[in-house]
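The block underneath contains the structure these notes are about, expressed in structure tokens.
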Amino acid sequence: MLVNAVNKGETANLGVSLLVGGSWLTGSMIGGRMWFDQLAQMVDAQTGSDGGQLFHMIGEAAYPSESERSAAGRAPLDADPGFLHLRDARLLTGAAVRVPDPGGLVRVKLSSIDGWSVGILDPRARRPPFPPVL
């Protein structure tokens, strides 16, 4: 439900942490179309060309808005999503190091997620000490 809400634009930039293959991946969840658009911009910036246009077109085709679906005479999309999209994604290693820094774009197959938590895990954040147990 969260992925569908983000893909539809009902929720934006939701911080999540995912347990994938025994490692924690943390970042901001964004819609699939936004993810492909940001990937296109990144490719264009890194190559100095418009090579990212292909990714923009993939995003339009895979994640059309409801108005685009309606204009094309297509029914609303009710299918369960297959992927979750993160920006500013970081992998937390066993040494609590975040890789990469700054984070990047990551697309995760939902079936590969073993667990999740709302919120971005940050091993560098200072936590208050626990109160003493009486």
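Quick note: the coordinates plus some simple rules give every number you see, no bench work behind them. Owing to the predicted nature of the structure, the values given are computational and were not obtained by experimental measurement. Neighbour counts are summed over all protein chains in view; Cβ atoms, including those assigned to glycine, are modelled from backbone coordinates with ideal geometry.
Using 0.36 nm per residue of separation minus the Cα-Cα distance, give me the extension gain between residue 118 and residue 72 in nm, one decimal. If you can, show how the numbers build up before the last one.
Working: separation 46, 0.36 × 46 = 16.56 nm, distance 3.55 nm.
Here the answer is 13.0 nm.
If R0 is 25 Å, what FRET efficiency do you get for residue 13 and residue 45 from their C-beta distance, rounded to 0.05?
Details: r = 21 Å, r/R0 = 0.84.
So the FRET efficiency works out to roughly 0.75.
Can you give the extra length, in nm with one decimal, that the chain gains between residue 20 and residue 61 once fully stretched, where that is 0.36 nm per residue apart less the Cα-Cα distance?
Details: separation 41, 0.36 × 41 = 14.76 nm, distance 2.75 nm.
Extending this stretch completely gives an extra 12.0 nm.
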